[in-house]
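Report on the structure given below.
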Amino acid sequence: MQLEILYQDEAIIVLNKPRGIPVHAGSGGGETLEDHFHQLQFDAKTPPQLAHRLDRDTSGCLILGRNKQALRNLGRLFEQGRIHKIYWALVKGVPQAKQGRINLPLAKQTQDKRRWHMKVDDTGQQAITDYQLLGAANEMSWLALRPKTGRTHQLRVHCAAMGWPIIGDRFYGGAGEGDPPLMLHARALTIPFYPGQQPLIVEAPAPEDMESLCALLTQ
């Protein structure tokens, strides 16, 4: 696998993760992104490690730490909510408002870790997503999503609960065989990694099929 590096320095690497491959090993086995991290060791003592996660079918910006100190620092930034994320999503339907906030708590619907399912539940954890409409046509929309919390499947459940499920979502959007892949892409990250310096801003080009659809929705 040829890994696309979006940013690299002595402490971190940001990849453009391809859709359709898990980032780490699960109960189902098979190839993972971690299997290829030896390609990214370069002059470091060990291969880099994951600083966070993306779902198997989500593409885009993925941060790796190149040493233990970098991983600790990144973990602290994520815990403090200081790393800002923007996702692109293509959804079925059109939001009534061009921008807004989704504030719906989420809870686990199943305890099977092999196939997490989440649901909107007042007894669950707080989950907040800001959205902006970037384009729409033929009952399909292109959204920018800014998660303010980091719950499992948050964007997918929030979009489905609002009546605009993400295209290709087999868990929450009713997609099936013959439908396109999940149209969810981690577009950009803002990482305030180095104190006293401007935050790192990294953007990932979307998969070609998603880019083509986004272009149609802005015409």
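Conditions (1) closer than 20 Å to Arg53 by Cβ; (2) out of contact with any Lys or Arg (no Cβ under 8 Å at 6 or more places or on another chain); (3) assigned to a loop (DSSP other than H, G, I, E, B), marked per residue:
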residue: Ala144; (1), (2), (3): no, no, no
residue: Gly150; (1), (2), (3): yes, yes, yes
residue: His158; (1), (2), (3): yes, yes, no
residue: Asp169; (1), (2), (3): yes, no, yes
residue: Pro180; (1), (2), (3): no, yes, yes
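Kindly indicate whether Arg76 is among the basic types (Lys, Arg) and either surrounded by 14 or more Cβ atoms within 10 Å (Cβ to Cβ) or within 16 Å of Met183 (Cβ to Cβ) (or both). If you could, list the steps in order and put the result at the bottom.
On the way: among the basic types (Lys, Arg): yes; either surrounded by 14 or more Cβ atoms within 10 Å (Cβ to Cβ) or within 16 Å of Met183 (Cβ to Cβ) (or both): no.
No, not satisfied.
Quick one: in region 34-73, of everything that is in contact (Cβ under 8 Å) with a residue 24 or more places away in the chain and among the basic types (Lys, Arg), which residue is least open to solvent (accessible area, probe 1.4 Å)?
Arg66
Any residue at all in region 85-92 that is more than 24 Å from His52 (Cβ to Cβ), surrounded by 17 or more Cβ atoms within 10 Å (Cβ to Cβ), of a type outside the set (Phe, Trp, Tyr) and at pLDDT 95 or above?
Within region 85-92, one or more residues are more than 24 Å from His52 (Cβ to Cβ), surrounded by 17 or more Cβ atoms within 10 Å (Cβ to Cβ), of a type outside the set (Phe, Trp, Tyr) and at pLDDT 95 or above.
Of all residues being closer than 22 Å to Leu184 by Cα and over 17 Å from the mean Cα position of the chain (by Cα) in region 8-33, which is most open to solvent (accessible area, probe 1.4 Å)? Just the residue, please.
Going through the qualifying residues, I end up with Glu31.
Does region 115-156 hold any residues that are over 22 Å from Leu213 (Cβ atoms) and among the hydroxyl-bearing types (Ser, Thr, Tyr), and which are they?
Listed by number, the residues that qualify are Thr123, Thr149, Thr152.
For the condition at pLDDT 95 or above, under 13 Å from the mean Cα position of the chain (by Cα) and buried (at least 20 other Cβ atoms within 10 Å of the Cβ), what is the one hit in Ala204, Ala127?
None of the other options fit; the residue is Ala204.
The values are calculated or read from the model by the stated rules, or taken from the named source; none is laboratory data. The shown structure was predicted, so the numbers you read here are calculated from the model rather than taken from an experiment. Here the Cβ is made from the backbone with ideal geometry for all residues, glycine too, and neighbour counts use every protein chain on show. Surface accessibility is based on the protein's heavy atoms, side chains included, excluding ligands, DNA and RNA. Shrake-Rupley method; radii C 1.70, N 1.55, O 1.52, S 1.80 Å.
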